[in-house]
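**Student:** Structure provided below as structure tokens; questions to follow.
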Amino acid sequence: MSIGFNQLDHRVQRWVHRQKWKNLRDIQEQAIGPILKEGSDVVISASTASGKTEAFFLPACTKIADQDEGFGILYLSPLKALINDQYRRLEGLCEMLDMNVVPWHGDISQARRNKAKKNPSGIILMTPESLEARLIKDMGWVRRAFSFLRYIVIDEFHAFVGTERGQQLTSLMNRLDALAQDRDLPIPRVALSATLGNINDTPALLRQNYNMPCEIIQGKGESELQLVVKGYYDLPGAQRLNENALQDLYAICRGGSHLVFANSRGNTEDIAARASDLCENNFVPNEFFPHHGSLSRELREFLEKRLQKEDLPTTAVCTMTLELGIDIGKVDSVIQVTPPHSVASLRQRMGRSGRRGTPSVLRMLIPEDKISHISSPGDKLRLRLLQSIAIIRLYIVEKWYEPAESSHFHFSTLVHQILALIAQWGGARAAQIFDQLCDKGSFGNVTIPDFKKILTHMGKKELIQQMHNGELVLGIEGERLVNNYNFYTVFNTPEEYRVVNNEKTIGSLPTESLVTKGQHIIFAGRRWKVNDVDEEKKTVYVNLSKGGVPPKFIGDPIPLHQKIRDEMYKIFNTGDYRIDIGGSKVDFLDSSARNLFKEGLEYFNKHDLSRNKIINENGYVYLVLWASDKIVKTLQMIFGSKGYEVSSFHGIIEIKNVDRHKIENLLKNPSILMGEWTNAKLSSIIGVRHIEKYDEYVPDDLLINSYGNRYFDVKATKHFLEQLYV
DNA sequence: AAGGGCTTCGATAGCT
């Protein structure tokens, strides 16, 4: 083997030999030096199943091999399922080293935790929430157990970036550093990630106060890809996937191992159930199963295990629950039904396909409505197809994907961390809290006046109170929040019904889905009749039955990035979507998708949409701007504030009963149209701004600000309009 | 008329 390999502990080397690896992969080789040196943070970025985990653990375990006191490695993961996977993968290596490894999350038994608690050593695998709980409940133990900690490693780091949980995560790491103040250097942080929008920004996201260098290790590019986009004609207003597409999907998947991404839980359920029906009609055993966040853990694990069995044909119809690195092996192909929402998630999904030596295969099935008198310009432009093509081109040609939005304020999480810090220490001074959370912490964009405002407000709401000596302690309401076990999570959890069949929980439904007794529903890929709804116990009882449609699942908006709309416009403007490979143009649309594209392009040209921005049809003025959803939302609010009846769909703004010239004049005079509006002003005319878990404890003016910056962008809109007619 | 995801948590009572 290599020089790097020789630096590994001989027991680690023996483990590598036993895996029958001929040599270490490139990233594994590269990681050895920086990890062993312990003098820097490290980012390891490579595709799924590229050996990232080993790239970290081989050298890290070498380093802590002979340390028998205290945990040497803290592994943090966004998913319990991932912790269980990693535990299984680490067991062999750790046995070889006679090293402890302990999984620690909400589903791990008390007995197991107590054992680890008495004798902390080796590797601990945790969720951020579990670490939060330990810090609050037993800081003394954490201080002792982690006093010889050598590394903190975060798996699927990209899943945290820009989110409330990400803020909590970095805050937790800072709080660990603060507990270990006698160390010369802070504890090295290692991020493992598949997709990082802009990798050079990652070090700053991993550690805010930046008193540690950071090494970046990047895996080689993607492997070969095969790809086809298939188009379908739907009846106008069709709600469910059309029969032809379903038949194709069945024919593609039957007998193999595939992942079908269908965007919504409702679609996922519908497709899984109807593909199962096809199996039944064809007298073959069912091989189609749904996988999403509302299904019980048992059902999900059953499917994950089944996917690992290579000889058993299995198709998972899934949402993003199968995007992250849960161990399911590689599949023959990925099928995307209806357009993806982002390049980043398409990339993530593609990482699931491509067995050893074979290219990854992507098929997109994109239905569009047959044109009728109710068709909107969005239908006529075939925007679903166009969006699919644009995302593919950005992925393959531009090799671009959305960077995570890391500029949000997340005041809700700040409130949470203030409470957590006070609870952890029993009390703290305002200056200390600011120093740790804001100045040196993950809330660096919060100013001192804003921080003071938040503390004052928290006092008013009895979350905290000030002692005579100036120290802050929990107030009555603060005690109530912190002592609820729901406190450790920083994100919102909607109220749900349990769905029960024969005393077994098969999943949960949001209470907003409003299921009623006697209703027939599709759930967990099967058809049921609702026998009873127990409002008290929040339980829905179901029995197997026939017929039915999926219940309503309610989701949040997923805004489309400006770059995707730019690409969509560019494709129609040039009239060519094909990809240039080695000087020849490669077409990846089937004949009906090509037809759909042609129809869209004809409509684009008919209305001269490379110059013209307005279509006047069916009593509406449609603004076809090719702007990001954020800009569209901003404009929609502004037109709304002027009294127009306005809505938007697929990025096209629709205004009812208005003269097109009036609107055109406004678009041509951005400064008049935009007036004195700011993000905050727009946000202040919205009724309810509570989005995140503890927003109700955030002062209103701060909330107006953060809500405004999240959903609107007046500056970008102004800039966009200034470029519109030049 | 029409579109959309996911994650997680402790202690104890009361039972086998």
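The values are calculated or read from the model by the stated rules, or taken from the named source; none is laboratory data. Given the structure is predicted, the values throughout are model-derived calculations rather than measurements. Note that each Cβ is placed from the backbone with ideal geometry, even for glycine, and that neighbours are counted across all protein chains shown. Each accessible area value is taken on the protein alone, full model and side chains, heavy atoms only, with ligands, DNA and RNA left out. Shrake-Rupley method; radii C 1.70, N 1.55, O 1.52, S 1.80 Å.
**Student:** Which of the residues spanning segment A:334-347 are open to solvent by 10 Å² or more (accessible area, probe 1.4 Å) and either within 13 Å of DNA strand B (Cβ to nearest atom) or hydrophobic (A, V, I, L, M, F, W, C) (or both)? I'd like the intermediate steps shown before the answer.
**Tutor:** Here is the first cut: in segment A:334-347, the residues open to solvent by 10 Å² or more (accessible area, probe 1.4 Å) are A:338-339, A:341-342, A:344-345, A:347.
Answer for segment A:334-347, where residues must be open to solvent by 10 Å² or more (accessible area, probe 1.4 Å) and either within 13 Å of DNA strand B (Cβ to nearest atom) or hydrophobic (A, V, I, L, M, F, W, C) (or both): A:T338, A:P339, A:H341, A:S342, A:A344, A:S345.
**Student:** Follow-up. Considering only residues that are part of a strand (DSSP E or B), more than 11 Å from DNA strand B (Cβ to nearest atom) and in contact with a Pro (Cβ under 7 Å, 6 or more places away or on another chain), which ones fall in segment A:510-522? Break it down stepwise before answering.
**Tutor:** Here is the first cut: in segment A:510-522, the ones part of a strand (DSSP E or B) are A:510, A:520-522.
Filter again for more than 11 Å from DNA strand B (Cβ to nearest atom), leaving A:520-522.
A:I521, A:I522 - these are the residues of segment A:510-522 that are part of a strand (DSSP E or B), more than 11 Å from DNA strand B (Cβ to nearest atom) and in contact with a Pro (Cβ under 7 Å, 6 or more places away or on another chain).
**Student:** How many residues does segment A:216-238 contain that are part of a strand (DSSP E or B) and either among the aliphatic types (A, V, I, L, M) or at pLDDT 95 or above (or both)? If you could, list the steps in order and put the result at the bottom.
**Tutor:** Narrowing segment A:216-238 to residues part of a strand (DSSP E or B): A:216-218, A:225-234.
This time we only want the ones that are either among the aliphatic types (A, V, I, L, M) or at pLDDT 95 or above (or both), so: A:216-217, A:225, A:227-233.
Of the residues in that region, 10 qualify.
**Student:** If the requirement is being open to solvent by less than 20 Å² (accessible area, probe 1.4 Å), more than 23 Å from the chain's Cα centre (by Cα) and without any contact (Cβ under 8 Å) to a residue 40 or more places away in the chain, which of these qualifies: A:F5, A:F71, A:F56? First the steps, then the outcome.
**Tutor:** Numbers: A:F71 fails: without any contact (Cβ under 8 Å) to a residue 40 or more places away in the chain; A:F56 fails: without any contact (Cβ under 8 Å) to a residue 40 or more places away in the chain.
Checking each option against the conditions leaves just A:F5.
**Student:** Name the helices (runs of 4 or more DSSP H) wholly within segment A:604-690 that hold at least 3 residues that are within 11 Å of DNA strand B (Cβ to nearest atom)? Walk me through it before giving the result.
**Tutor:** Details: elements: A:629-641, A:660-668, A:670-674, A:679-684.
Filter on segment A:604-690 gives A:629-641.
**Student:** In addition: Could you tell me which of the residues A:V317, A:V331 is open to solvent by less than 10 Å² (accessible area, probe 1.4 Å) and either over 27 Å from A:E512 (Cα atoms) or out of contact with any helix residue (DSSP H, G or I) (no Cβ under 9 Å at 6 or more places or on another chain) (or both)? Full working, then the answer.
**Tutor:** Working: A:V317 fails: either over 27 Å from A:E512 (Cα atoms) or out of contact with any helix residue (DSSP H, G or I) (no Cβ under 9 Å at 6 or more places or on another chain) (or both).
Just one listed residue meets the conditions, A:V331.
**Student:** Turning to a different aspect of this structure: Identify the residue in segment A:239-253 that is in a loop (DSSP other than H, G, I, E, B) and open to solvent by 50 Å² or more (accessible area, probe 1.4 Å) and, among all such residues, is farthest from DNA strand B (Cβ to nearest atom). Lay out the reasoning, then the answer.
**Tutor:** Filtering segment A:239-253 down to residues in a loop (DSSP other than H, G, I, E, B) leaves A:239-242.
Now narrow it down to the ones that are open to solvent by 50 Å² or more (accessible area, probe 1.4 Å): A:239-240.
Details: A:Q239: 7, A:R240: 10 Å.
Checking each candidate, the answer is A:R240.
**Student:** So, one more: Are any of the residues in segment A:472-481 open to solvent by 40 Å² or more (accessible area, probe 1.4 Å) and within 16 Å of DNA strand B (Cβ to nearest atom)?
**Tutor:** Start the filter on segment A:472-481 by keeping residues that are open to solvent by 40 Å² or more (accessible area, probe 1.4 Å), which leaves A:476-477, A:479-480.
In the following step, the residues that additionally are within 16 Å of DNA strand B (Cβ to nearest atom) were identified as A:479-480.
Yes, segment A:472-481 contains a residue that is open to solvent by 40 Å² or more (accessible area, probe 1.4 Å) and within 16 Å of DNA strand B (Cβ to nearest atom).
**Student:** Could you please find all residues in segment A:447-480 being modelled with pLDDT of 95 or more, among the polar types (S, T, N, Q) and farther than 18 Å from A:L703 by Cβ?
**Tutor:** A:Q465, A:Q466, listed by residue number.
**Student:** Could you look through segment A:537-569, keep only residues that are of a type in the set (V, I, T) and assigned to a loop (DSSP other than H, G, I, E, B), and pick out the one that is farthest from A:S628 (Cα to Cα)? Even if it seems obvious, please write down each step before you answer.
**Tutor:** Step one: of segment A:537-569, the residues of a type in the set (V, I, T) are A:539-540, A:542, A:549, A:554, A:558, A:564.
Going one step further and asking which of them are assigned to a loop (DSSP other than H, G, I, E, B), we end up with A:554, A:558.
Working: A:I554: 23, A:I558: 11 Å.
Once the filter is applied, the top-ranked residue is A:I554.
**Student:** Given (1) surrounded by 24 or more Cβ atoms within 10 Å (Cβ to Cβ); (2) over 22 Å from A:P120 (Cα atoms), identify the lone condition not met by A:C61.
**Tutor:** Unmet for A:C61, out of (1) surrounded by 24 or more Cβ atoms within 10 Å (Cβ to Cβ); (2) over 22 Å from A:P120 (Cα atoms): (2).
Here's the yes/no breakdown for (1) assigned to a helix (DSSP H, G or I); (2) acidic (D, E); (3) in contact with a Cys (Cβ under 7 Å, 6 or more places away or on another chain):
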residue: A:G92; (1), (2), (3): yes, no, no
residue: A:P103; (1), (2), (3): no, no, no
residue: A:A111; (1), (2), (3): yes, no, no
residue: A:E132; (1), (2), (3): yes, yes, no
residue: A:I136; (1), (2), (3): yes, no, no
residue: A:S171; (1), (2), (3): yes, no, no
residue: A:L176; (1), (2), (3): yes, no, no
residue: A:D182; (1), (2), (3): no, yes, no
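**Student:** When you scan segment A:254-331 for strands (runs of 3 or more DSSP E) that lie fully inside it, which ones turn up with 2 or more residues that are more than 16 Å from DNA strand B (Cβ to nearest atom)? Before the answer, list the steps.
**Tutor:** Working: elements: A:257-261, A:288-291, A:314-318.
So the answer is A:257-261, A:314-318.
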